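Data block below; observations after.
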Amino acid sequence: MSLLHPFSIDLEDWYQGIESPFSAWAGKEERLHQGMDKLIALLDASQTKCTFFVLGWIGEKHPQLIRRLADAGHEIASHGYSHEKVYDLSPQKFREESMLTKTILEDCSGQQVVGHRAPFFSITEKSLWALEILKECGYTYDCSISPVKTWRYGIAGCPEEIFRIKEIDLLEFPVSTFSLLHKKLGIGGAYFRIFPYWFFKKAFQRNTAANRPTMFYAHPWEYDPAHPRVEMEFKAKLTHYHNLKGMYARTEKLLHEFSFGTVASVLAQAEAAKKISTYSLHELSSTQA
Ligand SMILES: [Zn+2]
């Protein structure tokens, strides 16, 4: 059997992906199902199980959807509650959100929720304190650190493979990357829409041959090209709206060409193979590109 790569979806509506604050969500056009119907069709057609990092707020609004995903064998994990960047929250607020979301999602899924991904990959050098709080709240793994440094997120020089954080015994599965002209770029989301498909195919081919599980991430609104257009600054607009029309076919190809599973199943595979390195928090905060 070929190597299993993790397929992950940050389960949120379109207006949560554009940095609109929690206070502005009321009254926005709800379109979650437009993207989710397409995604579920893609997953069903390829018989893929994936990890949904679900906003606690979405879990409250759509408990039947979360239950349906869990019953279909997908993994339910946390994407926080308010979609605020972790480095903009106080540790106390982050703890409240992490606990609340875990409770909401466990109630509606019937699963134990042990995985977490921060909105906008916002665990950076400014917010490494969050990892310890996750462990205290009962999470066993996190997928929030990006080795690609952008204007919004990233820790340059962060390890690129699954690692264990020594002091707190928490697993981290960082954003997977590929290189283009000596620049690192992420695998998934806007990158997957902006750059040619064959860049990603090559990265998955290379990593499969090297036995390196490679994280793919996307959002339901990326499968709903007709969602509302709102004005925002150039970089945010490019990353949010570019080539939404191509996303479905690209994902279909990727799911056809490689094998994907939940993050939990890939972590279990790596743990069984004893392939996990250990790093201390100090090493993470002092790494440089
Ligand atoms: Zn998000």
Query raised in the report: Using the per-residue mean of other Cβ atoms lying within 10 Å as a proxy for protection, in what order, highest first, do the peptides 108-119, 129-140 fall?
Result: 108-119, 129-140
Query raised in the report: In terms of the Cα gyration tensor, with a ≥ b ≥ c the square roots of its eigenvalues, is segment 212-289 rounded because a/c is under 1.5, prolate because a/b exceeds b/c, or oblate?
Result: oblate
Query raised in the report: Between segment 1-25 and segment 54-120, how many Å separate their Cα centres?
Result: 11
Requested in this report: Would you list which lysines come within 27 Å of Lys93, measuring only between C-alpha atoms, while excluding same-chain residues fewer than 8 positions from it?
Outcome: Lys28, Lys61, Lys85, Lys102, Lys126, Lys135, Lys149, Lys166
Query raised in the report: Full extension from Tyr279 to Lys201: what is 0.36 nm times the residue separation minus their Cα-Cα distance, to one decimal in nm?
Result: 25.1 nm
Query - Over the chain: helical MRE at 222 nm, DSSP H runs n ≥ 4 each giving -39500 (n - 2.57), nearest 500 - result: -11000 deg cm²/dmol
Query raised in the report: Using the Cα gyration tensor of segment 4-285, with a ≥ b ≥ c the square roots of its eigenvalues, what is the shape: rounded (a/c below 1.5), prolate (a/b larger than b/c) or oblate (neither)?
Result: rounded
Query raised in the report: So if R0 is 22 Å, what FRET efficiency would Asp88 and Glu167 give, r being the distance between their Cβ atoms, rounded to the nearest 0.05?
Result: 0.35
Query - Percent accessible area from carbon and sulfur atoms, segment 1-151, protein chains only, probe 1.4 Å - result: 50
Requested in this report: Provide the packing ranking of 216-223, 172-179, i.e. peptides ordered by the mean count of other C-beta atoms within 10 Å per residue, highest first.
Outcome: 216-223, 172-179
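Got the relative contact order for segment 4-285 handy, in percent, Cα pairs under 8 Å and 6 or more residues apart?
25
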Report task. Using amide H atoms built 1.01 Å from N in the peptide plane, name the residues 5+ places from Val54, or on other chains, whose amide H lies under 5 Å from its own. Result -> Leu11, Ala77, Ser78, His79
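Apply the a/c threshold of 1.5 to the C-alpha gyration tensor of segment 246-289 and tell me whether it is rounded, prolate or oblate.
Cα axes put segment 246-289 in the oblate bin.
The values are calculated or read from the model by the stated rules, or taken from the named source; none is laboratory data. Because the structure is predicted, anything quoted here is derived from the model rather than measured. Here the Cβ is made from the backbone with ideal geometry for all residues, glycine too, and neighbour counts use every protein chain on show. Areas reflect the complete protein model, heavy atoms only, side chains present, ligands, DNA and RNA absent. Shrake-Rupley method; radii C 1.70, N 1.55, O 1.52, S 1.80 Å.
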